[in-house]
Amino acid sequence: MLRVTFVQANGVEKVIEDALPGQTLLTIARANGVDGVLGDCGGCCSCATCHVYVDAQWQSAVGGTEEVEASTLEMASEVVQVGSRLCCQITLRPELNGLRVTVAPSA
Ligand code: FES
């Protein structure tokens, strides 16, 4: 079991202690009712409603965006910043245990 912390759109932190390797952050967020993560496209990288900011200390471990993700993030360009990722494109793995992300405001 892995731990992931979401700072939700309502400002309240939600700590999830039972996330599993291989799950996407979108799956984890939806299963736990994380406020502000909509995931309208179901995780196919076309809506940007699952936009999060990865905390600075986790950005290198999580990695950067692929081309398709970067172009989808452009839809949310007003609120894109360093650490912006689509959480449907982040797959949890053991070395990400303790990951902390902040739900981005909607574009
Ligand atoms: S759920 Fe649509 S881009 Fe992530």
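The values are calculated or read from the model by the stated rules, or taken from the named source; none is laboratory data. All of these numbers come straight from a predicted model, not from anything done at the bench. Quick reminder, even Gly has a Cβ in these numbers, built from the backbone with ideal geometry, and neighbours come from all protein chains shown. Quick note on the areas: whole protein, heavy atoms, side chains included, nothing else; ligands and nucleic acids left out. Shrake-Rupley method; radii C 1.70, N 1.55, O 1.52, S 1.80 Å.
Could you let me know the centre-to-centre spacing of the stretch 33-107 and the stretch 1-30, using Cα atoms, in angstrom? The stretch 33-107 and the stretch 1-30 have Cα centres spaced 12 Å from each other. Nonpolar atom fraction for the chain, defined as the carbon and sulfur part of the 1.4 Å probe accessible area, stands at 48 percent. Take the Cα of Thr65, step 7 Å toward its Cβ, do the same at Thr91, and the gap between the two points is 2.1 nm. The Cα-based radius of gyration of the stretch 2-103, divided by its Kirkwood radius, gives an Rg/Rh of 0.92. The figure for Glu13 is an accessible area of roughly 100 square angstrom, using a 1.4 Å probe on the protein chains alone. Spin-label point model (7 Å from Cα, Cβ direction): what's the Thr5 to Ser106 distance in nm? Between Thr5 and Ser106, the simple spin-label model gives 2.7 nm. Placing pseudo-labels 7 Å out from each Cα toward the beta carbon at Val82 and Asp40 gives an inter-label distance of 3.0 nm. With R₀ fixed at 22 Å, the C-beta to C-beta distance from Val12 to Asn32 puts the FRET efficiency at about 0.95.
Considering only protein heavy atoms, what per residue accessible area in square angstrom results for the chain with a 1.4 angstrom probe?
It amounts to 50 Å² per residue over the chain.
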